[in-house]
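Let me begin by presenting the structure, written as structure tokens, before commenting on it.
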Amino acid sequence: MSLITEELKAKADEVYYGDKISQEKTRLLLKEVGLPNGLLPLKDVIECGYVKETGFVWMKQKKAITHKFNKIGKQVSYAKEVTANVEKNKVKNLTGVKAKEVLIWLTLSEIYVDDPPTGNITFKIPTGLSRAYPVNAFEVEEEETATATEKKEVKEEEGVKEKEVREVSNGGSVVVNVKEV
């Protein structure tokens, strides 16, 4: 049963469709609320939305996935639908996320970063038990290296310049070299 109703979507300030834009907006929202940008490494996202008034967010992906956070050696499972309420340095009322601890999967209900910052992020389960890890284990470096190179010519008033444009992982592009021709 989906927690996302048409009524809720109508209240949303932002709704995005498609993997690229949804992932970009999810990382941006995590950064805005003070959480690590790699906390939700979802794949094939088909929809995400945000109701600013309540802090309610949702992400829908094509299928459930399991991701291993290599820096801490932990596996986390993300359901087809992940929902939560976000506020400064905190995710609460989390649904659709489980972490593997030894041989069992535990449902996560809350995630928060200490304020003032201690460098730790804490994950809590509904029973109140929690575990802390370094925040940097959930950070994803912004890729500045090129994945593909494309050359374009640009005509300007003073003459012709050649731009080297590199595509980056978020689907955008950045000009890295301009030279006179």
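Before moving on, here are some points about what is shown:
- Of all residues in segment 9-23, those that are in a helix (DSSP H, G or I) and surrounded by fewer than 17 Cβ atoms within 10 Å (Cβ to Cβ) total 5.
- Test: residue in segment 26-35 that is of a type in the set (Val, Ile, Thr), assigned to a helix (DSSP H, G or I), under 25 Å from residue 137 (Cβ atoms) and assigned by TED's automatic domain parsing to the domain that holds residue 91: yes
- Single residue of 45, 51, 57, 33 found to be surrounded by 17 or more Cβ atoms within 10 Å (Cβ to Cβ) and closer than 21 Å to residue 113 by Cα: 57
- Restricted to segment 94-146, the set of strands (runs of 3 or more DSSP E) holding at least 3 residues that are farther than 18 Å from residue 38 by Cα and not acidic (Asp, Glu) comprises 104-107.
- The requirement of being under 15 Å from the mean Cα position of the chain (by Cα), touching a residue at least 24 places away in the same chain (Cβ under 8 Å) and in the same structural domain as residue 103 (by TED's automatic domain parsing) is satisfied by residue 45.
- Residues in segment 2-11 that are closer than 18 Å to residue 96 by Cβ and either hydrophobic (A, V, I, L, M, F, W, C) or at pLDDT 90 or above (or both): 3, 4, 8.
The values are calculated or read from the model by the stated rules, or taken from the named source; none is laboratory data. Please read all numbers here as calculations on a predicted model, not as lab measurements. Positions of Cβ are backbone-derived with ideal geometry, glycine not excepted, and every protein chain shown enters the neighbour counts.
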